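The values are calculated or read from the model by the stated rules, or taken from the named source; none is laboratory data. All figures in this text were calculated on a predicted structure; none of them were measured in a lab. Ideal geometry is used to build each Cβ from the backbone, glycine not excepted, and the neighbour counts take in all protein chains shown.
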Amino acid sequence: MDTYRIFRFFICLLFLLQVLIPANAVAQQTQDIDPEVEGSAQSKAPVKVDGKTLFYVRGVQSHPAEVRAGTISKRIQTAATNTAISSDSVKIIEEADRLKIFAGEVFIMNLYPEDGEAEGISTKVLAELLQGKIIKAIDDHRYDRSRPVLIKKMFYALGSFVLLIILIFLLIKLARKARTGLENRIRRRIESVEDKSFSLIRSNQLWKTFYLSFRILRIFIIVVIIAVFLQYILGLFPWTNNVATYSLNLFLNPIRTIGINFIHFLPSLAFLIVIYLVTRYLLKLIKLLFNGLNEGAIKLKNFDPDWAMPTFRIIRIFILAFAVIVAYPYIPGSNTSAFKGVSVFLGVLLSLGSSSFIGNLIAGYSMTYRGAFKKGDRIKVDDVVGFVEDQKLLVTRLRSLKNEEIVIPNSVLLNSNIINFTTKAKENGLILHTTVGIGYETPWRQVDAMLKLAADRTEGLLKQPQPFVLQKSLGDFAVTYEINVYCNDANKMPFLYTALHQNILDVFNENNVQIMTPAYEGDPETPKVVPRDQWETPLASN
């Protein structure tokens with residue numbers, strides 16, 4: 001059914017071409033003139049009869065070559081159509097400044113000395129050559145339209161049509177058998193691909209791709225066969241020979257143009273290949289150097305190893321940009337107005353829509369060279385606290401204490417205050433601190449000792465430097481004390497704070513000292529402490 005639709009489409013196309021394209025469309029219809037050659041010569045144009053090129057003629061500024069060629073073609077066809085004019089009546093008549101060619105009483109064309117000079121021969125010799133071609137064109141024109149020849153070509157066309165139907169039928173049948181055979185051979189391989197890819201690649205997707213590819217190939221072969229046969233059938237008859245030539249040129253001209261342009265493009269292609277190879281291996285060499293800097297095998301003074309790969313990416317951008325600038329003139333179509341227009345359009349779109357993109361990109365590199373944090377550090381940005389999971393050119397990803405992913409644009413980081421809890425913790429220790437409010441009736445020395453005892457009981461805190469206590473303020477109802485302790489692992493801050501607070505509560509309860517935080521209004525009858533025998537109070541049963 002698909003083949004039938006394709007065949008019907010080509011028949012309709014043939015009919016439209018026959019109706020819309022006149023028999024001598026290639027030899028342009030013009031007014032019946034043959035101007036004298038004067039002024040500077042222009043390009044040549046072919047004189048055609050029934051789609052066959054007889055010879056070429058030159059034009060002038062006032063009358064282009066196409067006009068002259070079309071007029072001569074029309075005169076030859078007129079003479080060939082008139083059976084009263086014998087082909088032997090084609091003759092050359094000499095005049096003072098030109099030679100004229102007649103077919104009987106029908107004027108065909110003028111020949112001037114400039115025509116002979118353009119061909120490198122005398123005007124007389126050129127006239128004799130053209131006389132022979134005109135005679136042959138008239139004879140061929142009449143022979144191709146004779147009854148015996150037309151009947152013979154009709155049988156050829158009918159036989160070709162029958163052969164076309166048989167070939168299409170055999171091709172469809174052979175395609176079905178080939179598809180069945182291929183299905184049986186590749187079925188197991190397709191199923192094994194699905195198993196090996198852990199079902200990422202589905203077998204039904206591969207089958208759809210296979211069927212589509214096979215169908216496209218079958219249709220392509222059928223179209224080529226139909227086109228070849230139509231070309232042959234149309235070329236049999238003089239009335240459709242122009243259509244055959246025209247339709248063939250529709251396919252051959254693009255291929256011919258592509259081939260010629262490709263040959264002309266070969267020197268530029270060689271230059272582009274050289275640029276590509278030089279750029280590629282130069283980048284590999286530079287990357288090898290920066291990999292050594294990143295891994296510490298190569299050291300440069302005042303150059304942080306963490307800067308190695310970002311610096312390599314910057315240098316790579318500049319090298320690629322330079323390579324594109326050098327290669328641009330050698331890219332096909334780079335000098336055309338369309339290519340330049342598209343380039344300008346893309347540049348405008350990039351400039352209008354990428355301001356935030358460029359800002360985040362520059363901020364990403366700025367953050368890298370600022371060295372404010374590294375991957376794994378615990379930082380605070382405004383009110384956000386988290387661990388650095390990944391740092392890209394555009395954004396930085398943090399993992400919060402609640403295991404949430406926080407994505408912060410680098411432009412925000414560049415304009416924000418960043419607190420890094422990890423950097424100094426590894427060097428001198430990070431100071432953790434918490435405050436308590438204690439009444440004036442408790443000696444400050446006792447409070448100092450109790451807070452230091454709680455710090456000493458907390459595992460994970462550094463013994464050196466030793467903890468210290470600050471008296472932050474003398475309030476209306478209580479004294480505010482601040483215990484400061486050292487740790488070297490910022491990742492454990494929440495757990496260390498929890499353990500420290502637990503130990504502070506235990507020590508103050510043991511010493512029967514009431515914590516007045518957050519507010520104090522009057523002395524209770526009994527201190528607000530938890531007796532030791534109630535520290536392990538079990539939960540209420542359900």
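Is it the case, given these coordinates, that LEU293 is part of a helix (DSSP H, G or I), closer than 27 Å to MET309 by Cα and modelled with pLDDT under 90?
Criteria met by LEU293.
Yes/no per residue for (1) without any contact (Cβ under 8 Å) to a residue 24 or more places away in the chain; (2) part of a helix (DSSP H, G or I); (3) among the β-branched types (Val, Ile, Thr); (4) in contact with a Ser or Thr (Cβ under 7 Å, 6 or more places away or on another chain):
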residue: GLU114; (1), (2), (3), (4): no, yes, no, no
residue: ILE134; (1), (2), (3), (4): no, yes, yes, no
residue: LEU150; (1), (2), (3), (4): no, yes, no, no
residue: LEU158; (1), (2), (3), (4): yes, yes, no, no
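Is at least one residue of region 460-477 under 18 Å from GLU510 (Cβ atoms), out of contact with any Lys or Arg (no Cβ under 6 Å at 6 or more places or on another chain) and of a type in the set (Ser, Thr, Tyr)?
Within region 460-477 (the criterion being under 18 Å from GLU510 (Cβ atoms), out of contact with any Lys or Arg (no Cβ under 6 Å at 6 or more places or on another chain) and of a type in the set (Ser, Thr, Tyr)), the answer is no, since none of the residues qualifies.
Among the numbered criteria (1) at pLDDT 80 or above; (2) in a strand (DSSP E or B); (3) in contact with a helix residue (DSSP H, G or I) (Cβ under 6 Å, 6 or more places away or on another chain), which one does GLY59 miss?
(1)
Can you tell me which condition ALA323 does not meet? The list is (1) exposed (fewer than 10 other Cβ atoms within 10 Å of the Cβ); (2) within 30 Å of the chain's Cα centre (by Cα), and all the others hold.
Condition not satisfied by ALA323: (1).
I'd like the residue in region 296-314 that is of a type in the set (Val, Ile, Thr) and surrounded by 15 or more Cβ atoms within 10 Å (Cβ to Cβ) and, out of all such residues, is nearest to the chain's Cα centre (by Cα).
Here the residue is THR311.
Considering only residues that are more than 52 Å from the chain's Cα centre (by Cα) and β-branched (Val, Ile, Thr), which ones fall in region 137-181? Talk me through it step by step, then tell me what you get.
Applying the first criterion (more than 52 Å from the chain's Cα centre (by Cα)) to region 137-181 yields 137-155.
Scanning region 137-181 gives ILE138, VAL149, ILE151.
Could you look through region 52-91, keep only residues that are crowded, with 20+ Cβ neighbours inside 10 Å and touching a Phe, Trp or Tyr at 6+ places or on another chain (Cβ under 8 Å), and pick out the one that is nearest to LEU111 (Cα to Cα)?
Out of the qualifying residues, it is ALA69.
Sort out which residues of region 300-338 are outside any helix (DSSP H, G or I) and either farther than 23 Å from TYR281 by Cα or not assigned by TED's automatic domain parsing to the domain that holds ARG280 (or both), and write them in order of number. Reasoning before the result, please.
Residues of region 300-338 outside any helix (DSSP H, G or I): 300-304, 331-336.
Residues satisfying the conditions are LEU300, LYS301, ASN302, PHE303, ASP304, PRO332, GLY333, SER334, ASN335, THR336.
In this structure, does LEU99 turn out to be touching a Ser or Thr at 6+ places or on another chain (Cβ under 6 Å) and at pLDDT 85 or above?
When the stated conditions are applied, LEU99 passes them.
For region 515-523, check the following and say yes or no: at least one residue is at pLDDT 70 or above and more than 27 Å from ASN420 (Cα to Cα).
Yes, that holds for at least one residue.
Which of the residues that make up region 390-428 are at pLDDT below 80, farther than 30 Å from ILE317 by Cα and surrounded by 16 or more Cβ atoms within 10 Å (Cβ to Cβ)?
Listed by number, the residues that qualify are THR423, ALA425.
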